Amino acid sequence: MIKQKKARLLQGNNACAMAAIDAGVRFFAGYPITPSTEIAEYMAENLPRVGGKFIQMEDEIAGMAAILGASLTGVKAITATSGPGFSLKQENIGFATMAEIPCVIVNVQRMGPSTGGPTSPAQGDVMQARWGTHGDHPVITLSPASVLETYELTVKAINFAEKFRMPVILLLDEVVGHMREKVIIPDVSELEIIERKRPVVPPDEYKPYLDDGTGIPAMADFGTGYRWHVTGLNHDENGAPAGKAEVVQSQLTRLFNKLRPYYDEISLFKTYKTEDAQYLLISFGGTARSAAEALQTLRKQGIKAGFLQLQTIWPFPEGTVANLCKNKKAVFVAEMNDGQIIGEVKKNIENKESLFGINKINGELITPQEIVQRVKEVVGVC
Amino acid sequence: MLKDVEQYIRMNRLPHIWCPGCGNGIVMKAILEAILDSRLDPLKTVFVSGIGCSSRATGYLNFDTLHTTHGRALAFATGIKLAKPELNVFVVTGDGDGTAIGGNHLIHAARRNIDLNVILFNNNIYGMTGGQYSPLTPQGKSATTAPYGNIERPFDICELTKSAGATYVGRGTVYHTKQLTELVKGAIQNKGFSFVEAVTVCPVSYGRRNKLGSAPQMITALKDNAVNVKAAQKLEADQLAGKFLIGELYKETAPEYTQSYDALIARFRKEGDAHEQ
Ligand SMILES: Cc1ncc(C[n+]2csc(CCOP(=O)(O)OP(=O)(O)O)c2C)c(N)n1
Ligand code: SF4
């Protein structure tokens, strides 16, 4: 493997793959799709070198299924895809949620709907990451804005998947995935790496869906003598299919709420000059770069703007957004879609008339100038 | 004999959901007897299934068991086997699960020759959802979605998996239970993709509608219509009309997928060792 800990030019997708291996991922299954393919290629090249496994499956449904099978044997597993492939993965993402199987799904977003623009940047899958699979369910989604953040958040995503025993979605976009930046990758020894909780009880006492007080049951590796049942059906604490309303209610209540006590830990964001800000920019992913640049320009021009960069998209950081939006003259949400995150902001902001979207859906980036211009238009009338 | 295989059953999960007269229990017992005879370590044995009546078998089996999504059992099983090749991995699937929605996974798993033992419960119908036609419903038979008779042509699923690359292919029935057990044993022995079509009966969602009689009558009909592959060699084409072949249909050796992958890993290990010296 390439030597660590020196500055080098790295592509976002490669940083993601490298981070996954550093965080202990030893299994990748997927299907090629632009703009995510470099992740699969990196894995195909490097996993066998560290004793890991790579397989190119017949489609994305199979890729998703295979990583769940691998994860059940105790191996950290990841897949990567983009729009159309992300759609195909949804059914088994639901299975992973229901059966509580750790895994990470990287979606390097491209323009949709359908085949859309394979190499055009977009951020249109925010809501699909939240609600793509059917039924109520908890979800964690992280979205990096740079190559270094891609490395860091990939490690986080894998840790969250293991800790919370669930699928975690990493939303990249074409900008971040294909961008090359000079970065210094941390040494593996410096990384905090989390392993899933395994049972400490003997096999005959093991209950794979029993709440031990943390909301996250221990998970046994297949082939270690625990002989447990995994199903996507409603099930009881033993994993046996269950139809009784009380049992279903209690298991699903635990499932839907299992992240609640950990929101602070999961909620990742960065703020810039928000202390004295009268105007707030909110953005994430590739668009956050333009927003950060716009912030500098606005400040230089004497406009007291601040910037909130969301790294965790789901669960939506409601408290943070509500606090930072308070008493602002105006709030701007910049995103490469027709307005998805802005809806969440709207739910958490008092003065809804002072909320403005900066959107673009033509396959081009939102430029810093466009953000500056929109803010100045509004400031002019404020 | 049932007593011997009880160790492989989660007795506390019974009664099962299958209808009286359903052939699924017979197939399940044949599989368990094959496991017993082959002395497989139950702690290192995994069963994976899709969705359907037959796929519910995993819930009753005392191994690590995985009841997946409709059609996807083979893709999940591929992940398990590749991640941990030392496990004995079985796949239990129905004719709808395995050849319609899961048909693509079936041919690709066979093509890779990955060491999975697949037992496809062929009851010629979608049992669980109440009797819709499947890719293995014979032409002319009635189904809720083929109320005027099925006009589609069925697969010969054994021929299909063989052409796709399976290295062990057999067909048995719930009448010929000893042979079915032997076929599953053959599948276990084969280090590669093994496929056993277990022809079974669904008196409720298929038999009733097609006036095939009671469960025993349906099972007896299997006896009348099945011809052993060896016996068939001596028969003329017209004597085989309307019959189907049972027995070990195909066997060959070819590189197994997870072994090939492990060889790749070993190559890098060697290179690493050489580098250190
Ligand atoms: C994606 C999806 N589509 C459809 C269904 C509904 N469904 C459940 S079982 C089944 C058919 C099962 O038939 P088969 O595999 O032949 O098994 P059997 O019940 O006959 O044993 C269908 C269509 C489903 N569960 N999931
Ligand atoms: S519907 Fe048919 S296949 Fe399903 S349990 Fe009943 S008899 Fe068996």
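Things to note:
- Protection proxy ranking for B:166-178, A:188-200, B:44-56, A:57-69, using the average of other Cβ atoms within 10 Å per residue and placing the highest first: A:57-69, B:44-56, B:166-178, A:188-200.
- Average partner coverage of A:215-228, which counts Cβ from other chains inside 10 Å: 4
- Degrees between helix A:287-300 axis and first principal axis of chain A (Cα, 0 to 90, nearest 10): 30
- Principal axis analysis of the Cα atoms in chain A yields extents of 70, 49, 40 Å, listed in decreasing size.
- Heavy-atom accessible surface of chain A, averaged per residue, reaches 37 Å², computed with a 1.4 Å probe.
- For chain A, share of DSSP beta bridges that run antiparallel, in % to the nearest 5: 25
- When shorter helices are ignored and each DSSP H run of at least 4 residues is given -39500 (n - 2.57), the per-residue value for chain A at 222 nm works out to -11000 deg cm²/dmol.
- A cut-off under 13 angstrom between Cβ atoms defines the neighbours of A:N107, and their net charge, with Lys, Arg +1 and Asp, Glu -1, is -1.
- When each of A:K53/A:K163; B:K44/B:K223; A:K197/A:K244 is checked by Cα-Cα distance, pairs over 30 Å: B:K44/B:K223
- Expressed as a whole percent, the proportion of Cα-Cα pairs in segment A:268-379 lying more than 21 Å apart is 25%.
- In plain terms, if you count all Cα to Cα distances in segment B:37-116 and split them into 10 Å steps from zero, the share in each step is 21, 53, 26, 1 percent.
- The peptide list B:25-37, A:358-370, put in order of mean Cβ contacts within 10 Å with the highest first, becomes B:25-37, A:358-370.
- Mean-position separation - Cα centroids, segment A:232-258 and segment A:18-75, in angstrom: 30
- Note on chain B: dipole from Cβ charges, positive end direction compared against B:I151, B:T93, B:L66; the farthest Cα belongs to B:I151.
- For peptide A:67-78, the mean count of partner chain Cβ atoms within 10 Å of a residue's Cβ comes to 6.
- Intensity falloff of the protein assembly as shown expressed as log10 I(q)/I(0), Debye formula with alpha-carbon point scatterers, at q = 0.07, 0.09, 0.11 Å⁻¹: -0.51, -0.79, -1.07
- Helix A:60-72 axis versus longest C-alpha principal axis of chain A: approximately 60°, rounded to the nearest ten.
- Share of carbon and sulfur in the accessible heavy-atom surface of segment A:268-379 [1.4 Å probe, %]: 46
- For segment A:8-190, the normalised intensity computed at q = 0.12, 0.14 Å⁻¹ comes to -0.46, -0.65 (log10 of I(q)/I(0), Debye sum over alpha carbons, equal scatterers, no solvent).
- Per-selection Rg to Rh, chain B - Cα, Kirkwood hydrodynamic radius: 1.00
- Take the Cα of A:N351, step 7 Å toward its Cβ, do the same at B:A266, and the gap between the two points is 7.1 nm.
The values are calculated or read from the model by the stated rules, or taken from the named source; none is laboratory data. These numbers were taken from a predicted model, which means no experiment stands behind them. For neighbour counting, all protein chains shown are included, and Cβ atoms are generated from backbone atoms with ideal geometry for every residue, glycine included. Note: accessible area is taken over every heavy atom of the protein model, side chains too, but ligands, DNA and RNA are not part of it. Shrake-Rupley method; radii C 1.70, N 1.55, O 1.52, S 1.80 Å.
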